[in-house]
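Input: a single structure, listed below in structure tokens.
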Amino acid sequence: MAINVNTVYTTVLSILNKEQRGYLTPFEFNKLATQVQLETFEKFFDDYNQYLRMPKTDVDFASRMENIRNQFQIFNKNASASAVSSNVYTQPTDLYRFGSAFYQTGTNSPEIQIVSKRELHQQNLSPLTKPTTNFPIATYQDNKLTVLPAVASSATSDVGFNYIRKPADVVWAYGVDTTTGAFIWDGTPDFAITPVIGVASVNFEISDIQQTEVILKILQYSGVVIRDPNIVQAAARELQEEEVNSKR
């Protein structure tokens, strides 16, 4: 389950106000929340690689490696590439980590082997290793895939990408109460104000398992924004303890 953006924002404000440390505006929160989500998302891959090298467990729900894998699998996506020419394709705009590419023509969808330009040249020298529609190869550079052999139709749907997409930016959208001047979250029941920023709220896409870590990281950055080193230090200590406990 995703993390509710209003829950995180109100929690952060409650902690800051309780300690009389200052105020974090919605604009500042949205920037910090998006950055923290991206950092947490990137950490999934580092942790996953670390757990791959550790002893495995067969106990259901106890495998940290599988838990982390499940958390970033929702970002796995297949999408068609945009054709630039008969054999050059631009990657999807929301691609964050490349997985694989494949032909989408005919009855089968062979995976495209990604090679260097040197390997491409060597494979083209031999009739046995030359690329075919059943065994295509490609170079991947500057966000573009150059595929051999070229497909005659050069249609957008000829080549597909399997990849991990980037999480959407976090947004706490709000309207302003004309009477009190207070910020009203657009998820409030009977909300009837046009959001100031022109878009609706967007929740965190990462799992609510990460909610405590997300709040602590936002608090840490908040301390920098409001120039309070005590908040930075307190949040850093809590994050360190959270990190140690998670790996015991």
* To do: For Asp169 paired with Thr10, estimate the spin-label separation in nm (one decimal), with each label point 7 Å from Cα along the Cα-to-Cβ line.
  => 2.5 nm
* Asked: When you count, for each residue, the other Cβ atoms within 10 Å and take the mean per peptide, how do 203-214, 114-125 rank with the highest first?
  -> 203-214, 114-125
* Asked: Hey, rough spin-label estimate for Phe45 and Ala150, points 7 angstrom out along Cα→Cβ, what's it come to in nanometres?
  -> 3.2 nm
* Phi to ³J(HN,Hα) by Karplus 6.51 cos²θ - 1.76 cosθ + 1.60 over region 138-148, Hz, x for Gly, Pro -> 7, 9, 10, 8, 6, 6, 10, 10, 9, 9, 10
* To do: Could you compute the FRET efficiency for Ile209 and Phe135, with r as their C-beta to C-beta distance and R0 at 51 Å, rounded to 0.05?
  => 0.80
* Summing +1 for each Lys or Arg and -1 for each Asp or Glu, what net charge is found among the other residues whose Cβ lies under 15 Å from the Cβ of Phe102? -> -1
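None of the figures in this text is laboratory data; all of them are computed from the coordinates on show. What you see is a predicted model; the values in this text were computed from it and never measured. Reconstructed Cβ throughout: ideal geometry from the backbone, glycine too, with neighbour counts over all protein chains shown.
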